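The values are calculated or read from the model by the stated rules, or taken from the named source; none is laboratory data. This is a predicted model, so every value here is computed, not measured. No Cβ is skipped: glycine too gets one built from the backbone with ideal geometry, and neighbour counts run over all protein chains shown. Heads up: the accessible areas ignore ligands, DNA and RNA and are worked out on the full protein's heavy atoms, side chains in. Shrake-Rupley method; radii C 1.70, N 1.55, O 1.52, S 1.80 Å.
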Amino acid sequence: MRKFMLVLLSLLPFVSAMADDITVDGTKRNYIVYAPSNLGTKRPLLISCHGMNQDAAYQKGMLQIESVADTAKFVTVFPNGIDRSWDLGGQRDLNFMRALIEEMVKRYDIDRNKIYLSGFSMGGMFTYYAMNRMADVFAAFAPISGYPMWGASFTSSRPVPIIHTHGTSDDVVAFSGVANVLAGWVKRNGCPATAKTTKPYRAPHITRHVWGPGLEGVEVVLLEMSGKGHWISNDNGVKTGEEIWNFCNRFSLEDTSPRVRLTSPAGPLSFVTVGGAGQAPDITLEAEADDPDGTVAGVAYYDNGKLVGETTEPPYTFVLEGLGKGEHVIAAVATDNDGYTGRAETTVSVTEVLRGSFALTTFDREGCVPEGWETFDGQEHRVGYVDGFSQGSRVFLFTGAQHDFDAGLYTRNVTGGAKEGYARFAGESTNTAMTLISGNYTLYVKVANWNQPSFSPVTVAVEDLEGGSVLSETFTPTANIGNAASNSFSGTTAMSFSFDVLQPGRYVVTFYTADAPWADLVVGRATLRRNGEASVSLPSASAQPVKKEYFNLAGQRVTPDAHGIVVEKTVMSNGTHVSRVVAN
């Protein structure tokens, strides 16, 4: 993969340039430096690395940062790589960066707390390489159109701020690879898994995604340049260099502002009410806050910019009551004894579905467990949103010439134990809660087997978390995908499961594999529809069971004490039908 990348990058133009010299590890290295007049003391430094088969002069011409540097008063260095490339596996160019910094500190009295690294294409790849090895030197990183195409690692010594700029039509370093790399850094930096997106951002072709704040207040930002190829974009009034500077300048290795982190909720929350008015339950907000050079005077909480509560003593806790429907940006703002502030945010979404259908499935990114879902395979429990998986329970994107759904969430039962293979929506471990108002509902699903040529039964269960009741149906899929996402498959039966909700409550939907080693399932579609009022009345206290039958996951009648998952179906004296799942 790396050799192929270098061949592609070598197609880019090369422009020679004269540069200053410095000797590093016995080798003469050169660079171009741009320093504004009347620079002043203790000013920032930006190092900008060129792409493969390019040089410092070409990078300087593409970035066009001189006017930005003149206004903001910072120094920019454009180093030359040996053989017009960068060392992505050793110390050679890391040592070059350190030597350059020492030279700039000596020559321009640079502020060591405000040194930033950027690079284009292979220079962007080197920027990612340095994140894991020089996080104690660079305060922020700004890769452009480059990332580790052979696989990324996320081992920086501290959380690192990142702004990544990339064109969606890049045919050298594909835009499609950006998401997985940034997801790894979002996780490493402790940022919210869901980005705040601005579209358009300053120009019609730019979308800005922001994950943050994370640990130590860092952010991960993606500037998505629609229709742009493998170059630095400087049109429509938007300059890449200016965006990089505005981001990087916010970060310093030694920040004296107060730091705040929301510990509850630890990430975005989503509340869905089907069949009635939507309102979130009371939410306990709690934050950790400290100040590097003083004390924290207090923490204030805001809902969409409106002050809703204040607290002055740790733990900084406040109960947020009854949020109505809509998207709420919840902010915790810490103020220190000097009047400086630090901020942390999360989002709370409250959705109401008064009529019609609600889609449980949000499967659009390969290798993830989506928001609101959790999986268990008998060995590993995954709670969404988590990303970057190539094994085990995860989302597949299907590419066969014929396929019944474009994406599906896969899980399996490694051990064969009872209920030890499942995919669950709105479980207590997730950040999503689903409330069902009383009424008659139908759950429409499409589920296939992944690698079960003889087919393996699947049980769909709807559980009332507050009342403890479980309603379920077991069926056998009619399609087997064949153990490869590129396979064609068809004939998946659309299964429907109708049930009554007699009392409002919090519900979860679970898809269970069979109780057999390596039994599996792939949830392709799942939609919940409220049809109207409940078809049966709430059973009276005098209602008695008149008939009970027991079935295994294959739909065969069994005895009540049969091993594994047993479905108990009861007919009450008033005509009510009740099903529940029993694990023996």
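Of note:
- Per the Kirkwood formula applied to alpha carbons, segment 340-432 shows a radius of gyration over Rh ratio, Rg over Rh, of 1.06.
- Percent of beta bridges antiparallel (DSSP, the chain, rounded to nearest 5): 80 percent
- Spherically averaged projected area of the convex hull of Cα atoms, segment 38-141: 6.1 nm².
- Using only side-chain charges placed at the Cβ, +1 for Lys and Arg and -1 for Asp and Glu, the dipole size of the chain relative to its Cα centre rounds to 1120 debye.
- For segment 438-479, GluC sites (Glu not before Pro) are listed when DSSP marks them as loop and at most 15 other Cβ atoms sit within 10 Å of their Cβ; the list is Glu466.
- Of Ser496, His381, Ala289, farthest towards positive along the dipole that unit charges on Lys, Arg, Asp, Glu beta carbons give the chain: Ser496
- Fraction of antiparallel bridges per DSSP, segment 65-213 only, in percent to nearest 5: 35 percent
- Filter on Lys60/Lys196; Lys196/Lys239; Lys73/Lys114; Lys114/Lys239; Lys419/Lys548 - keep pairs with C-alpha separation over 24 Å: Lys60/Lys196
- Heavy-atom accessible area order for His205, His164, His563, largest first, 1.4 Å probe: His563, His205, His164
- The figure for Lys239 is an accessible area of roughly 50 square angstrom, using a 1.4 Å probe on the protein chains alone.
- Computed with a 1.4 Å probe over protein heavy atoms only, the accessible area of Arg158 comes to about 40 Å².
- For Glu549, Glu374, the ranking by accessible surface with the largest value first comes to Glu549, Glu374, using a 1.4 Å probe.
- Listed residue (Met97, Phe78, Leu63) projecting farthest to the positive dipole end of segment 52-121, Cβ model: Met97
- Rounded to the nearest Hz, the phi-derived 3J(HN,Hα) couplings of segment 378-394 under the Karplus curve 6.51 cos²θ - 1.76 cosθ + 1.60 (θ = phi - 60°) are x, 10, 10, 9, 10, 10, x, 8, 9, 9, x, 8, 10, 9, x, 4, 5, where x marks glycine and proline.
- By the rule of a C-alpha distance below 19 Å, with chain neighbours fewer than 8 residues away ignored, the lysines paired with Lys28 are Lys106.
- Quotient of Cα Rg and 2.2 N^0.38 Å for segment 417-474, N being how many residues it contains: 1.33
- Apportionment of accessible area to carbon and sulfur, the chain, percent (1.4 Å): 48 percent
- Positive-end extreme of charge dipole, the chain - chosen from Ala203, Gly184, Leu465 (charges on Cβ): Ala203
- Heavy atoms of His209 accessible to a 1.4 Å probe, total area in Å² rounded to 10: 30 Å²
- Counting all C-alpha pairs of the chain, share separated by more than 45 Å (%): 30 percent
- Mean projection area, nm², convex hull over Cα of segment 215-275: 8.5 nm²
- Candidate cross-link partners of Lys306 among the aspartates and glutamates, defined by an alpha-carbon separation under 20 Å and a same-chain spacing of 8 or more, comprise Asp282, Glu286, Glu321, Glu327, Glu345.
- Residues Ile110, Ile22 ordered from highest to lowest accessible area at a 1.4 Å probe: Ile22, Ile110.
- Scaled radius of gyration (Cα, divided by 2.2 N^0.38 Å) that segment 312-355 gives: 1.59
- Helix axis angle, 92-108 relative to the chain longest principal axis, alpha carbon, degrees: 60 degrees
- Neighbours of Ala332 by Cβ distance under 10 Å: Lys/Arg scored +1, Asp/Glu scored -1, total -1.
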